[in-house]
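The values are calculated or read from the model by the stated rules, or taken from the named source; none is laboratory data. What you are looking at is a predicted structure, and each value in this text was computed from that prediction instead of being measured. Counting neighbours? That spans all protein chains shown, and the Cβs are built from the backbone with ideal geometry, glycine included. For the accessible areas, the whole protein counts, side chains as well, though only heavy atoms, and no ligand, DNA or RNA atoms are used. Shrake-Rupley method; radii C 1.70, N 1.55, O 1.52, S 1.80 Å.
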Amino acid sequence: MQKSKVVTIQRHIVEQERLHPNATGDFTCLLWDLTIAAKTISREVNKAGLADILGITGENNIHGDVVKKLDVYANEKIYKSMNHGGHLCIMASEENEDIIPIPDEFPKGKYVLLFDPLDGSSNIDANVCVGTIFSIYRRKTTGKESTIEDCLRKGTDQVAAGYIIYGSSTMMVYTTGQGVHGFTLDPSIGEFLLSHENIRIPSKGKIYSINEGNANTWDEGTKKYIAYLKENDPSTERPYSLRYIGSLVSDFHRNLLYGGIFLYPVDYKDPKKPKAKLRLLYEAAPLAFIVEQAGGKASTGKERILNIQATELHQKVPLVIGSKEDVLTYEKFFSQK
Ligand code: P6P
């Protein structure tokens with residue numbers, strides 16, 4: 001007996017478009033093109049483990065195609081799906097050092113796409129979940145050609161953000177500023193179906209996600225906060241449980257649904273050269289847009305992620321993201337050096 005209405009992501013995107021009175025349908029088609037890329041990448045990721053068995057290893061597969069690493073494959077798939085629709089004026093990818101212009105032979109649009117094609121791809125051989133993260137802006141420059149200025153943005157300018165998680169099922173989660181909605185791919189019909197409408201992250205969780213192996217490199221505030229989470233105090237539901245997959249989209253998605261906090265703080269191993277790891281434009285900012293739309297919070301420990309103006313394409317930032325109360329508690333510890 002069917003319990004609830006069946007809503008495809010295409011129908012949902014059109015309904016979301018109606019919430020924007022001056023929408024032209026351009027944005028709707030952009031998101032549709034992205035779902036095509038997502039389905040194709042899902043198919044390839046889900047048979048990655050069969051590479052040896054299907055004889056598609058080495059330079060050429062059984063069809064004579066050159067077999068590429070999956071993150072390179074995902075990068076090319078998104079580029080080829082998105083470069084000709086006439087919705088984009090420029091792209092940038094974690095896999096490409098520089099901006100990616102739209103080929104001259106194709107029409108240019110008014111949107112900018114920034115993406116991490118396959119985050120966590122080093123985990124694929126262990127069959128660990130990986131994901132694609134995307135962020136969409138309107139073009140800012142007005143000249144003949146788009147420039148890197150269209151990509152170096154502040155997160156609050158995003159018109160949409162989302163991710164696709166390739167796990168036990170493939171899910172696409174996105175926001176256009178009207179809440180966060182999750183769609184699960186039904187491979188039997190090749191459709192993303194609405195499975196998680198209006199996702200809200202619990203205001204407080206009982207999970208923390210951090211690479212404890214880096215504990216000696218953390219600042220004092222982070223060390224004290226993590227020690228605080230491990231103390232035994234049932235009245236504040238401590239100790240928290242550590243859940244860390246090492247794949248950002250997976251750790252974020254679990255905490256979004258269950259509640260909790262993910263942290264990738266600065267590495268102070270060399271105090272003269274503090275290092276952050278996660279990228280602002282196509283990791284931290286899109287996930288920050290999503291988590292805030294779901295009622296959560298995302299900061300560097302002292303600054304709202306969405307307020308950071310990007311100055312470099314692959315700029316890195318510390319990221320603390322998840323349930324609002326947990327991030328606020330962290331910020332208190334972080335401020336007490
Ligand atoms: P570490 C994957 O390589 C990644 O970029 C994110 O997906 C993940 O959250 C992080 O790095 C894991 O980093 O240093 O804990 O292995």
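Please find, within segment 207-242, the residue that is nearest to the chain's Cα centre (by Cα) out of those that are in contact (Cβ under 8 Å) with a residue 24 or more places away in the chain, within 12 Å of the ligand (Cβ to nearest atom) and open to solvent by 20 Å² or more (accessible area, probe 1.4 Å).
N211
Which of the following residues is farther than 30 Å from N46 by Cα and within 16 Å of the ligand (Cβ to nearest atom): V173, V266, V249? Please lay out each step first, then the result.
Details: V173 fails: farther than 30 Å from N46 by Cα; V249 fails: farther than 30 Å from N46 by Cα.
It is V266.
Kindly establish whether E220 is more than 23 Å from G131 (Cα to Cα), charged (D, E, K, R) and modelled with pLDDT of 95 or more.
yes
Do we have A288 as in contact with an Asp or Glu (Cβ under 9 Å, 6 or more places away or on another chain) and surrounded by 13 or more Cβ atoms within 10 Å (Cβ to Cβ) here?
No, not satisfied.
Could you say whether any residue in segment 264-283 is open to solvent by less than 10 Å² (accessible area, probe 1.4 Å) and within 17 Å of L328 (Cα to Cα)?
Scanning segment 264-283 turns up no residue that is open to solvent by less than 10 Å² (accessible area, probe 1.4 Å) and within 17 Å of L328 (Cα to Cα).
Among the candidates S135, S146, single out the residue that is in contact with a Lys or Arg (Cβ under 8 Å, 6 or more places away or on another chain) and either in the same structural domain as T40 (by TED's automatic domain parsing) or part of a loop (DSSP other than H, G, I, E, B) (or both).
S146
Output the residues belonging to segment 293-335 that are among the hydroxyl-bearing types (S, T, Y), in contact with a Gly (Cβ under 9 Å, 6 or more places away or on another chain) and open to solvent by 10 Å² or more (accessible area, probe 1.4 Å).
If the condition is that a residue be among the hydroxyl-bearing types (S, T, Y), in contact with a Gly (Cβ under 9 Å, 6 or more places away or on another chain) and open to solvent by 10 Å² or more (accessible area, probe 1.4 Å), then S335 is the only one that fits.
Could you list, in sequence order, all residues of segment 106-127 that are more than 19 Å from A285 (Cβ to Cβ) and either in contact (Cβ under 8 Å) with a residue 60 or more places away in the chain or within 16 Å of the ligand (Cβ to nearest atom) (or both)? Spell out the reasoning first.
Start the filter on segment 106-127 by keeping residues that are more than 19 Å from A285 (Cβ to Cβ), which leaves 106-110, 121-127.
Hits for segment 106-127 are G109, K110, S121, S122, N123, I124, D125, A126, N127.
If you take the residues of segment 122-164 that are open to solvent by 60 Å² or more (accessible area, probe 1.4 Å) and small (G, A, S), which of them is modelled with the highest pLDDT?
Ranking the qualifying residues of segment 122-164, first place goes to A126.
Considering only segment 59-78, I want to know if a residue exists there that is more than 16 Å from the ligand (Cβ to nearest atom), part of a loop (DSSP other than H, G, I, E, B) and at pLDDT 95 or above.
no
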